[in-house]
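These notes concern the structure reproduced below.
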Amino acid sequence: ISGTVQGVGFRPFIYNLARGFGLTGWVKNNRGGVEIEAQGKEVDLFVDAIKFSPPPLAKIKYLSAQKILPCLEPAPSFTIEPSDEQQKTSATEISPDVSTCADCLKELFDKKDRRYLYPFINCTNCGPRYSIIKELPYDRANTVMNPFTMCGACKAEYTDPGDRRFHAETDCCKECGPVVRAFKTGSGRPEIKEQNGPTGYGAVKEAQYALKEGAIVAVKGLGGFHITCDADNTEALKRLRSFKRVSTRSNEGFGNKAFAVMAASLEAAKGFALISKAQEKVLSSGSSPITLLRKKQGSELPEGVAPKNDTYGVMLPYTPLHHLLFYGAGKGFRALVMTSGNRTGNPIIADNEEAVKSLSEICDLFLLHNRAIEQRIDDSIVRVINGRTAVFRRARGLTPTTIEIGGRIPDSVAFGAQQKNTFCIGTGNTVILDRHLGELDTDRAIEFLSDSIDNRLRLNKVRPKIVAHDSHPAYSSTRLALEYAKANSIAQQRIFPVQHHHAHIVSCMAEHGLNSAVIGVAFDGTGAGDDGNVWGGEFMITERAKFKRAAHFKYIPMAGAERAVQEPWRMALACILDAYKEQAEEVADRILVKVCARERSVILKMIRQKINSPLTSSVGRLFDALSSILGICNLSTYEGEAAIELEAIAAAGTHTGEESGALVPYGYSIIDNSPAVIDTAQMIRDIIEEIGNGVSVGAIARRFHVTITSIITAVSLRLSKESGITNVVLSGGVFQNSRLSLLTEESLLDAGLTPWYNCAIPTNDGGVSLGQIVVAAERFAKQKETRGDN
């Protein structure tokens, strides 16, 4: 049996199931999953029960059974045998980390229980999995729990078939398991000493008191450190933002990117956020991701939590230690900020010594423990859009899991994109999309990607025959891919550069098992185009192995290249110039009043003379331009800020007559070139006219969203009539916008087309590596067909 069958209580389940059917034999882990030999009259029923009623956390991908000759002298009972370390099958799924179950929570707060207030309580149904594993198969000896020898009481549970902790590899208690302790920082870079600070729940109480006094605390969690403070303490928020959100483009010296918060319970979260039934289910799930929720007007947390944003990123406690932070003296917290424990651009910190060295500048107290983190991993982020769960960051609780793509795939590796990097390995019938690693903007981040790939390939015993990477030559992931291929003597014909937007579309096709050609709509901020320009507003007739660019948004200059991403007013000025030509300067004087006139004049000259102004078709940059034209955001202090604030303004508008007027699209034209070109100059002129007529910013923002929806539908219908294709796949970071996604889904369905979105796979660049590996596998297969290879 393969799939998610290790670390989920599968062997104890099989043991009790076999005994219930009166069978003899054995069950054991191997590198392929789980192997069983069973003998008795009810073997067929036993196999059916495994298929149709597996343990709650298990996911069976493959089950094969064959009859063998019965033993003349069968074993006296059914047993759990030692794991087979030598098995070389590489498709084993490691279970994701699982939030604390209800049974363990009940024991945690039961004064009569021997694990009362013990911060590492867990059982076969919950607790750390992926973050602690060092080797396969999943046995205690192959995890960071190996140094902790079980006491007599824990050992008795571990060997008792009737106990919930039967063969729970992470079983421990305060007598034999990890210990949490508090450590106050001093001057300089103090070393950690065992005698510093209280341990156990006393350490948690010290952290609670510090948080109440406005302190900033580093908390060692499941996959790394969080930096936390009381979400209602405005001074602590300001201090934290000055460290975590440094920005030279802001007058305050720090940016507006939101902090994630942790609420004590679902009811507590409802105090400051609007939560639907679908969102309740996601928040309370075993993966316990950060979930984007609308702010509850009149009960908001301080502005410093999520400035200029209409949503909070909220999660619930998912470890016993988190639950204890809200217990006793912690009951007064509405929410705690829980932001990644790292310096901007670097991976999340997992090591105690490194945390103290790097975070003492901001953290007043450290809540540490002595259980190592083998696989550092951030929190996952999701959003519920039109009832479906869309994963924006695939990490703790959601990864690693395998994805079936149909057919066999050669041993392979894909290195992903530059931003929101993930990597992917392929083997057998499946691919493994690994966790979110983040931006590759620092040496530490690049090293983290390299080390993570090496570790994953070693763990699953995969030796890649093919390598895939983004076609952008300057990406750090591209450089790493080429270095890896050279070091491992992989031939040039087995190295596959994959166009960025093709990878986006194929990631969604692979997720939903779409094998035939689709109309692909790829909208994002930046991606290297095949013509040397910057793409990001693309319509493609897409197959897994190839694509044809069928339409795109008109090219607009990005004055200053990357500076245009950071300063949306540059894109606004370029759009105004495109729409008004010789009158552009006069229009810009009226619209971009917050931008220095001299700067505007210089940038206009740059654009006209084509100085450092690469062309882009990006819809992400179009959102930026409109945000600036409407006076919402002229300077982005984090990626996507202008578009996020534009969406928030659209969502905050009234739903009266003003809304109905916004349902009519602005003007645009589709020029019949090959590929077709979508010209939005008329839209810009219409919007600026409405600004002059006093139409509200919210109404214009909503009508802009409707216009982009109209363009998607109109172009998709044209392409559908030409090709006969009715499946429309929408991918790219722009579709994280819930308003646009909802409007587009409804519009395409009304037009008789079938829309497909990324759900479990991120629609942003976090899904690109999956697209890369599938494209590479398809092209490799076609190469073999052409050569006539076996």
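Assorted remarks:
- Nearest-ten-degree value, helix 697-723 long axis tilted from longest Cα axis of the chain: 80
- Helical runs assigned H by DSSP (4 residues or longer) give the chain a calculated mean residue ellipticity at 222 nm of -10000 deg cm²/dmol, each run adding -39500 (n - 2.57) before division by the residue total.
- In nm, spacing of pseudo-spin labels at VAL664 and TYR209 (7 Å Cα→C-beta vector): 6.7
- Range of Cα positions in region 692-790 per principal axis (Å), largest first: 68, 32, 24
- Whole-number D in µm² s⁻¹ for region 480-531, Kirkwood Cα-pair radius fed into Stokes-Einstein, 10 °C, 1.306 mPa s: 120
- Cα-projected label distance for ASP160 with ASN16, points at 7 Å along beta-carbon direction, nm: 1.3
- Computed extension length for ASN429-ARG458: 8.6 nm, one decimal, from 0.36 nm per residue of separation with the Cα-Cα distance subtracted.
- Portion, in percent, of the accessible area of the chain that falls on carbon or sulfur, probe 1.4 Å: 50
- Whether region 575-615 is rounded, prolate or oblate, judged on the alpha carbon gyration tensor where a/c under 1.5 counts as rounded: oblate
- For region 1-106, GluC sites (Glu not before Pro) are listed when DSSP marks them as loop and at most 16 other Cβ atoms sit within 10 Å of their Cβ; the list is GLU42, GLU85.
- Global form of region 99-192, assessed from the alpha-carbon gyration tensor, a/c cut-off 1.5: oblate
- A straight Cα-to-Cα reach below 19 Å connects LYS67 with the aspartates and glutamates GLU35, GLU37, GLU42, ASP44, ASP48, residues fewer than 8 places away in its own chain not being considered.
- Compactness index (Cα Rg / 2.2 N^0.38 Å), region 550-608: 1.09
- Test item: Cα-centred dipole of the chain, Lys/Arg +1 and Asp/Glu -1 on Cβ, debye: 520
- Modelled FRET efficiency - R0 25 Å, LYS782 with ARG388, Cβ distances, 0.05 increments: 0.15
- A simple spin-label model places the labels of GLU175 and ARG479 5.5 nm from each other, with each point 7 Å out along Cα-to-Cβ.
- The aspartates and glutamates whose alpha-carbon is closer than 20 Å to the alpha-carbon of LYS295, local same-chain residues fewer than 8 away aside, are ASP230, ASP232, GLU267, GLU280, GLU303, ASP310, GLU641, GLU645, GLU647.
- By the Stokes-Einstein formula, at 0.890 mPa s and 25 °C, region 275-366 with its Kirkwood radius over alpha-carbon pairs has D equal to 158 µm²/s.
- Candidate lysines for bridging to LYS205, where Cα separation is under 16 Å - those fewer than 8 sequence places away on the same chain excluded: LYS184, LYS220, LYS331
- Overall dimensions of region 478-564 as given by Cα atoms, namely Rg and Dmax in Å: 15.2, 42
- For region 399-463, the solvent-accessible area works out to 32 Å² per residue, with a probe of 1.4 Å and every protein chain left in place.
- Loop-located chymotrypsin sites (Phe, Trp or Tyr not before Pro) in region 717-773 whose Cβ has at most 11 other Cβ within 10 Å (DSSP): none
- Most to least accessible of LYS295, LYS554 (protein chains only, probe 1.4 Å): LYS554, LYS295
- At most 12 other Cβ within 10 Å, DSSP loop - GluC sites (Glu not before Pro), region 339-444: GLU361
- Mean Cα-pair separation over length for region 557-649, i.e. relative contact order, pairs under 8 Å, 6 or more apart, %: 40
The values are calculated or read from the model by the stated rules, or taken from the named source; none is laboratory data. Keep in mind that what you see is a predicted model, and the values were worked out from it rather than measured. Counting neighbours? That spans all protein chains shown, and the Cβs are built from the backbone with ideal geometry, glycine included. We work out accessible area using only protein heavy atoms, side chains counted, and drop any ligands, DNA or RNA first. Shrake-Rupley method; radii C 1.70, N 1.55, O 1.52, S 1.80 Å.
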